[in-house]
1. Which condition does P265 not pass, out of (1) in contact with a helix residue (DSSP H, G or I) (Cβ under 8 Å, 6 or more places away or on another chain); (2) open to solvent by 50 Å² or more (accessible area, probe 1.4 Å); (3) not in a helix (DSSP H, G or I), if it passes all the others?
2. Residue under question is G158, and the condition is that it be without any contact (Cβ under 8 Å) to a residue 40 or more places away in the chain, assigned to a loop (DSSP other than H, G, I, E, B) and of a type outside the set (F, W, Y); does it hold?
3. For region 97-104, check the following and say yes or no: at least one residue is open to solvent by 10 Å² or more (accessible area, probe 1.4 Å) and assigned to a loop (DSSP other than H, G, I, E, B).
4. Only one residue in A125, A85 is open to solvent by 40 Å² or more (accessible area, probe 1.4 Å), closer than 25 Å to G158 by Cα, free of Cβ contacts under 8 Å to residues at least 12 places away in the same chain and of a type in the set (G, A, S). Which one?
5. Is it the case that A237 is surrounded by fewer than 20 Cβ atoms within 10 Å (Cβ to Cβ), of a type in the set (A, V, I, L, M) and either over 30 Å from V32 (Cα atoms) or touching a residue at least 24 places away in the same chain (Cβ under 8 Å) (or both)?
6. Could you say whether any residue in region 138-147 is farther than 30 Å from G261 by Cβ, assigned to a strand (DSSP E or B), open to solvent by 20 Å² or more (accessible area, probe 1.4 Å) and of a type in the set (A, V, I, L, M)?
7. State whether the residues of region 68-79 include one that is more than 18 Å from the chain's Cα centre (by Cα) and of a type in the set (S, T, Y).
8. Looking at L124, L131, can you tell me which residue is touching a strand residue (DSSP E or B) at 6+ places or on another chain (Cβ under 8 Å), part of a helix (DSSP H, G or I), of a type outside the set (K, R) and under 21 Å from V218 (Cβ atoms)?
Amino acid sequence: MSPRSVTGSRLTGAARVGGIVGNPVAHSLSPVIHNAWLDAAGLDATYAAFAPQDPAGFDALVAFGRAGLLAGVNVTAPFKEQAFASADAVSETARAGGSANILVFRAGQVLADSSDGEGLLRALAQQAPGLSLRGSIVVMLGAGGAARAAVAALSGAGATVRIVNRTRERAEALAADLGGSVEVGDTATAFKGAALVVNALSVRPDLDPATLHPATVVMDMTYRPVRTAFLQAAQAAGLTTVDGLAMLIGQAGPSFRAIFGVEPPDLDLRPLLLAHLGETA
C-alpha cells in the first residue's frame, strides 16, 4: 500500500497529512470533522481515510509515519491495540486503557495517546448532565479497544465498572489489566443498580432497556445511525440517552490538537454531521 491509498482523500504534495486508520473505514465521519476544522483554520493540511487490509498493512502505514510522510493518525477497529503496541512512547491515558486511538509521528518516533475516554466523558456531560459517576455502577457491554479506553475513564471518574462480554475470558482479561474498581459482570445480575449502561459493541445488544431502572442512562458508542435501535428502545422506555456522535465529536478535539498542533476552530459540528448522515436528530 502507498501513503496515497486512501478513501475520500484530497492530498497534495506539500500538505501536512493526518488521517483515520481502520477497516472498514469508509463510513467514518472523522475526515468530515477534521477537514472542516482545517478549512476553517486555513491550514495547508489534509485528513484522509486509510484502510490497511491486515496488520502488515498497518505496520507499513506506521513506517510511512516514521519516515515523516504523516503527521499523525486516529486509529479505529481493528487496529487500536496494535497501535498501542507500535508506539515508542505512550501517554498515561493510553497506558491506563491499554489501547490508543491517536498516533503522532515526530522525528522518526511514534507517540501514542487516547482520547476515546475523554470523548465519552464529554458526551455524558453534554447529554446526561444529571449523571454523577463517582460511586455509581456502570455496565460496559463489550471489551474491545474503545471499551478499554472508556472503562479506564469511567473507573478514573470514580465509577465501579462491570464488564459484560459474550466471551467472558476477554472481559476477565480487561478487568485484570485495569484492576481497581473494574469487575466482570454476569448478564443476570450486572444491571442491578446501574446508573449507566454503555454499548461498545458494533451491534445491538441483547438487552431490553425497559427492564432497566427508570433513572438509568443508556449510551451507544455507535453513530450510524445516530439514534440506534438500542437508543430508540431506551428513549421509548423513558430513559435518558447519550449517542455516539457526541462521543465522536468529544474525542476529535484532542486528536486535532495532537496531530496538527493547533486548537480546532469553534464550529458547531453536530448539524454538519447530521446533514452528512442524512439525519435530523
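The values are calculated or read from the model by the stated rules, or taken from the named source; none is laboratory data. Every value quoted in this text rests on a predicted model; they were computed, and no experiment measured them. Ideal geometry is used to build each Cβ from the backbone, glycine not excepted, and the neighbour counts take in all protein chains shown. We work out accessible area using only protein heavy atoms, side chains counted, and drop any ligands, DNA or RNA first. Shrake-Rupley method; radii C 1.70, N 1.55, O 1.52, S 1.80 Å.
1. (2) is the only condition that P265 fails.
2. Values: without any contact (Cβ under 8 Å) to a residue 40 or more places away in the chain: yes; assigned to a loop (DSSP other than H, G, I, E, B): yes; of a type outside the set (F, W, Y): yes.
Spelling it out, G158 is indeed without any contact (Cβ under 8 Å) to a residue 40 or more places away in the chain, assigned to a loop (DSSP other than H, G, I, E, B) and of a type outside the set (F, W, Y).
3. Initial filter on region 97-104 (open to solvent by 10 Å² or more (accessible area, probe 1.4 Å)): 98, 104.
Subsequent filtering for residues that are assigned to a loop (DSSP other than H, G, I, E, B) retains 98.
Looking through region 97-104, at least one residue is open to solvent by 10 Å² or more (accessible area, probe 1.4 Å) and assigned to a loop (DSSP other than H, G, I, E, B).
4. Details: A85 fails: closer than 25 Å to G158 by Cα.
Sole residue among the options that is open to solvent by 40 Å² or more (accessible area, probe 1.4 Å), closer than 25 Å to G158 by Cα, free of Cβ contacts under 8 Å to residues at least 12 places away in the same chain and of a type in the set (G, A, S): A125.
5. Values: surrounded by fewer than 20 Cβ atoms within 10 Å (Cβ to Cβ): yes; of a type in the set (A, V, I, L, M): yes; either over 30 Å from V32 (Cα atoms) or touching a residue at least 24 places away in the same chain (Cβ under 8 Å) (or both): yes.
Spelling it out, A237 is indeed surrounded by fewer than 20 Cβ atoms within 10 Å (Cβ to Cβ), of a type in the set (A, V, I, L, M) and either over 30 Å from V32 (Cα atoms) or touching a residue at least 24 places away in the same chain (Cβ under 8 Å) (or both).
6. The first filter runs over region 138-147 and keeps only residues farther than 30 Å from G261 by Cβ, leaving 138-143.
Then keep just the ones that are assigned to a strand (DSSP E or B); that gives 138-141.
Among the residues that remain, those that are also open to solvent by 20 Å² or more (accessible area, probe 1.4 Å) are: none.
No, region 138-147 contains no residue that is farther than 30 Å from G261 by Cβ, assigned to a strand (DSSP E or B), open to solvent by 20 Å² or more (accessible area, probe 1.4 Å) and of a type in the set (A, V, I, L, M).
7. From region 68-79, those more than 18 Å from the chain's Cα centre (by Cα) are 68-71; that's our starting set.
Then drop every residue that is not of a type in the set (S, T, Y), which leaves none.
No, region 68-79 contains no residue that is more than 18 Å from the chain's Cα centre (by Cα) and of a type in the set (S, T, Y).
8. Among L124, L131, only L124 is touching a strand residue (DSSP E or B) at 6+ places or on another chain (Cβ under 8 Å), part of a helix (DSSP H, G or I), of a type outside the set (K, R) and under 21 Å from V218 (Cβ atoms).
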